[in-house]
1. Gaussian network model of the chain, Cα springs within a sub-10 Å range: biggest mean-square fluctuation belongs to which of Glu43, Glu123, Glu269?
2. Rounded to the nearest 500, what is the chain's calculated 222 nm mean residue ellipticity when only DSSP H runs of at least 4 contribute -39500 (n - 2.57) each, over all residues?
3. For the stretch 217-231, take each phi angle, set θ = phi - 60°, evaluate the Karplus expression 6.51 cos²θ - 1.76 cosθ + 1.60, and give the result in whole Hz per residue in order, putting x for glycine and proline.
4. Given the options Ile190, Ile151, Ile226, state which has the largest fluctuation in a GNM of the chain using a 10 Å cut-off (strictly under) for Cα springs.
5. Compute a Gaussian network model of the chain, connecting alpha carbons closer than 10 Å, and tell me which residue from Val262, Val184, Val30 fluctuates the most.
6. For the stretch 23-155, what does the relative contact order come out to in percent, with C-alpha contacts under 8 Å and a separation of six or more?
7. Of the trypsin sites (Lys or Arg not before Pro) in the stretch 249-304, which ones lie in a loop per DSSP and count no more than 14 other C-beta atoms within 10 Å?
Amino acid sequence: MRNKFRAAAAVLLALIALAGCGKKSQVFSVYYKNADGDSLVMEEHKTSDLPGDRDKTVEYLIGELSKSPRTEGLINVLPDGTRLLGVSFLGRTATVNLSKEYYQNTDVDELLARYAIVSTLGEIDGVDNVSILIEGEPLVSATSGAEVGRISKTDVVYSPLDKVQDAVDTLRLYFPDTDGQYLVPEEREIEMQSSLSTERLILSELMKGPDSKNLTQAVPADIKVISAETKDGVCFVNMSGDVVEKISPGTTSTTLFLYSIVNSLTELETIDSVQLLIDGKTGVEFGNYVLDAPLEKNSTLIKE
């Protein structure tokens, strides 16, 4: 009898061990903001509590994005109160519906939150793309005001200023001539940086001024560019409000300032026009202009 009891106990222990082995731990890369709030940092999260259910996995990961990170100095990307209202899948695209609290994020914070969601959910097997809804409506970019649409994992960069590039490229920039009447192209070889998108790099170079002594500077070195984002051929450049005070209100100076930026950015194949925003707003009066529509390249101002 005692031998039978021991045998039964051994079988029971073996079954328990097998059951435990069947519940494998899963490791996910969850993305948070760095201490400066201008880039994303990955933190590994290990869990063995998830069933083989993609909906539950999304729920878990969105919950982790809402929590305080485990690593000191990192910042969560979702504003307090942001809730997951629903999730669905179509092929290899996950659609997540978040509550309106998400829109407490603006400008760079919203862009980072968007990238963090896509990077984190992209850890789920079978998910290559993410579509984000807010209260059932498509996510709208805080910078451009346009619908963001489906985002692929390959579209994501870990800094909002970043599209990884490691080559030397030639940029064609436009600076005013010494008479302050025309724009003259100046080509310079630039080492593309992983910390700056090409759009931001062009703006940065314009703020440095020309190399040629025969040209002058139209874009002041001390203006603040909040963000630069291209969507459907339009580059949305968001600058802080003090730029209005830094540019002389005369017709020529505002024209050369605007088209130094516009003509330089539209040299990129991906950009057809530029919409300038001031503190995230369109329609701002800027010298003799009202910034209510994208500006296209102005070839009449160019002197070769």
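1. Glu269
2. Details: 6 runs with 79 residues, N = 304.
Here the helix-only value at 222 nm equals -8500 deg cm²/dmol.
3. 9, 9, 9, x, 6, 9, 7, 10, 8, 6, 6, 9, 9, 9, 9
4. Fluctuation is largest for Ile190.
5. The residue that fluctuates most here is Val184.
6. On the way: 240 pairs, mean separation 28.5, N = 133.
That works out to 21 percent.
7. Values: sites: Lys281, Lys297, Lys303; in loops: Lys297, Lys303.
Loop-located and lightly packed - Lys303.
No value in this document is a laboratory result; all are computed from the given coordinates. Keep in mind the model is a prediction, meaning the values are calculated, not measured. A quick note on method: Cβ atoms are made from the backbone with ideal geometry, for glycine too, and the neighbour counts reach across all protein chains shown.
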